[in-house]
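The values are calculated or read from the model by the stated rules, or taken from the named source; none is laboratory data. Worth saying up front: this structure is predicted, and the values here are computed from it rather than measured. All Cβ positions, even for glycine, are placed from backbone atoms using ideal geometry, and neighbour counts span all protein chains on display. Calculation scope for accessible area: heavy atoms of the full protein, side chains included, ligands and nucleic acids excluded. Shrake-Rupley method; radii C 1.70, N 1.55, O 1.52, S 1.80 Å.
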Amino acid sequence: MLDCGANPAGQEIAGMSSERIIQVERDILGKNDRLAADNRARFHADEVLAFNLVSSPGAGKTSLLVRAVSELKDSFPIGVIEGDQQTSNDAERIRATGVAAIQVNTGKGCHLDAAMVGQAYDRLPWLNGGILFIENVGNLVCPAAFDLGEACKIVVFSTTEGEDKPLKYPDMFAAASLMLINKIDLAPVLDFDLARTVEYARRVNPGIEVMTVSARTGEGFSAFYAWIRKRWAKAKRAEMAMQG
Amino acid sequence: MHEMALCEGIIGIVEEEARKRSFAKVNVVCLEIGALSHVAPEAMKFCFEAVAAQTIARGARLEIVETPGRAWCMACSRSVEIKQRYEPCPCCGGYQLQVTGGEEMRVRELEVD
């Protein structure tokens with residue numbers, strides 16, 4: 001096994017010399033975190049509940065969103081920000097449902113950052129009291145590090161992936177509040193072990209909520225919508241409490 | 001390769017510090033990277049050289065101090081050290097762990113001329 005995750009850097013301490021040493025103590029992601037805080041303040045002011053959807057490529061984020069926005073659009077104003085390295089295919093799929101979508105192409109980039117989301121949000125219609133879905137670039141590694149200003153991350157995992165994916169990519173499962181296990185209609189064909197997947201996910205994140213869905217058949221979506229409505233009502237209550 | 005984006009963040013910090021504290025050359029950039037953060041130190045070093053090439057940090061050495069991962073074990077009611085997120089509690093073997101430290105990614109100090 002070649003363990004590239006191990007830290008061969010050791011415990012080096014900057015050498016003491018006659019040169020000037022400047023104490024800095026600043027977060028590397030400080031700039032992104034400041035922009036994410038700006039986004040969060042804007043979402044808050046617009047009473048918008050923002051979700052950051054993350055997954056491997058092909059887990060079914062877009063199909064899941066197409067179904068969800070079609071079925072929720074009569075209840076809430078909805079906007080979607082789509083992140084991909086190239087093409088506007090995903091935004092077009094969302095727009096076909098009648099919901100506004102902005103495509104962000106990251107080019108060589110492997111994740112959305114807070115600046116991109118802020119710019120995309122400017123271009124969406126006003127979502128007053130609604131829901132913003134941000135579909136991140138399909139990648140279980142990099143998007144974990146970048147706060148976009150969302151209320152929480154939702155990790156989409158599909159039954160065609162290995163049950164041990166939460167252990168292989170722990171940062172993302174640790175960062176998410178909800179795991180949606182998609183393609184559950186295929187589970188019997190695949191000998192998919194649901195209990196083992198959930199156990200592994202809770203090893204890295206004991207508090208993660210789990211739901212099974214099928215974007216193809218619609219199975220499990222009513223529970224997902226109930227979860228969204230609960231989060232939305234909770235945000236609303238917090239808002240009212242703040243306004244006194 | 002989000003290490004590339006992180007290195008751009010480091011260079012941004014170095015350039016801001018250079019303006020604020022008037023220095024023209026950076027010899028060493030010292031980072032503090034938590035064991036549970038989103039960074040592979042080797043990838044970071046590789047990217048840093050490339051990103052620093054046309055900047056004030058050109059040729060600077062990147063030093064990385066790794067801070068240990070810490071978690072609160074809800075079963076034992078005590079703080080324990082872990083190396084990975086999926087590791088069990090070293091005391092009870094359970095997974096009821098809440099990470100409390102080791103996620104930092106900071107520029108700690110600079111050695112400048």
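Annotation for A:Asp122 and A:Arg34: the two label points, set 7 Å from Cα along the Cα-Cβ direction, are 1.7 nm apart. Reducing the range B:23-68 and the range A:146-185 to their Cα centroids gives an inter-centroid distance of 30 Å.
Given the rule -39500 (n - 2.57) for each run of at least 4 DSSP H residues, summed and divided by the residues of the protein assembly as shown, what is its mean residue ellipticity at 222 nm, to the nearest 500 deg cm²/dmol?
Calculated from helices alone, the mean residue ellipticity at 222 nm is -10500 deg cm²/dmol.
Residues whose amide H falls under 5 Å from that of B:Thr100, counting only those 5 or more places apart or on a different chain, are B:Arg70, B:Ala71, B:Trp72, with hydrogens built in the peptide plane.
Across chain B, Cα-Cα pairs more than 21 Å apart make up 45 percent of the total.
Here the range A:29-186 is treated with +1 on each Lys and Arg Cβ and -1 on each Asp and Glu Cβ, and its dipole about the Cα centre works out to around 160 debye.
Buried between B and A is an accessible area of approximately 3800 Å², summed over both sides with a 1.4 Å probe. Could you list the residues of the range A:168-209 with an amide nitrogen less than 15 Å from a label point located 7 Å from the Cα of A:Cys152 in the Cα-to-C-beta direction? Output list for this probe position: A:173-181, A:202, A:205-209. Computed over all pairs of different Cα atoms, the Kirkwood value for the hydrodynamic radius of the range A:30-222 is 16.7 Å.
Remark on B:Lys25: its backbone amide H falls under 5 Å from those of B:Asp113, a criterion applied only to residues 5 or more positions apart or on other chains, H modelled at 1.01 Å from N. Each residue of the protein assembly as shown gets 167 Å³ once the volume of the Cα convex hull is shared out per residue. Its relative contact order, with pairs defined as Cα atoms under 8 Å and 6+ residues apart, puts chain B at 35 percent.
So what is the relative contact order for the range A:30-222, in percent, with contacts set as C-alpha pairs under 8 Å and at least six apart?
Computed over the range A:30-222, the figure is 26 percent.
Within the accessible surface of the protein assembly as shown, defined with a 1.4 Å probe on protein heavy atoms only, the carbon and sulfur portion equals 51 percent. Which length gain, in nm to one decimal place, applies between A:Asp27 and A:Thr160 when the Cα-Cα distance is subtracted from 0.36 nm times their residue separation? Between A:Asp27 and A:Thr160, full extension yields an extra 44.1 nm.
Cα centroid distance between the range B:81-113 and the range A:87-113, in Å? A separation of 35 Å, based on Cα centres. The residue list A:Ile102, A:Leu72, A:Phe157 was ranked by how far each Cα lies along the charge dipole of the range A:30-222 toward its positive end, using unit charges on Cβ atoms, and A:Ile102 comes out on top. Placing R0 at 35 angstrom, the Cβ-Cβ distance between A:Ser88 and B:Gln98 gives a FRET efficiency of 0.30 after rounding to 0.05.
Evaluate the charge dipole of the protein assembly as shown about its Cα centre and quote only its size in Debye, nearest 20, assuming +1 on the Cβ of each Lys and Arg and -1 on the Cβ of each Asp and Glu.
780
For chain B, the Cβ-based charge dipole about the Cα centre amounts to some 160 debye (Lys, Arg positive; Asp, Glu negative; other atoms uncharged). Under 14 Å from a point 7 Å along the Cα-to-Cβ line of A:Leu186: which residues of the range A:211-230 have their amide N that close? From the range A:211-230, the list is A:213-217.
Among the listed pairs A:Lys61/A:Lys165; A:Lys31/A:Lys230; A:Lys73/A:Lys183; A:Lys153/B:Lys83; A:Lys61/A:Lys153; A:Lys61/A:Lys236, those with a Cα-Cα distance over 21 Å are A:Lys31/A:Lys230; A:Lys73/A:Lys183; A:Lys153/B:Lys83; A:Lys61/A:Lys236.
Within straight-line reach of A:Lys234, meaning a Cα separation under 12 Å, sit the following aspartates and glutamates at least 8 residues removed in sequence or on another chain: A:Glu47.
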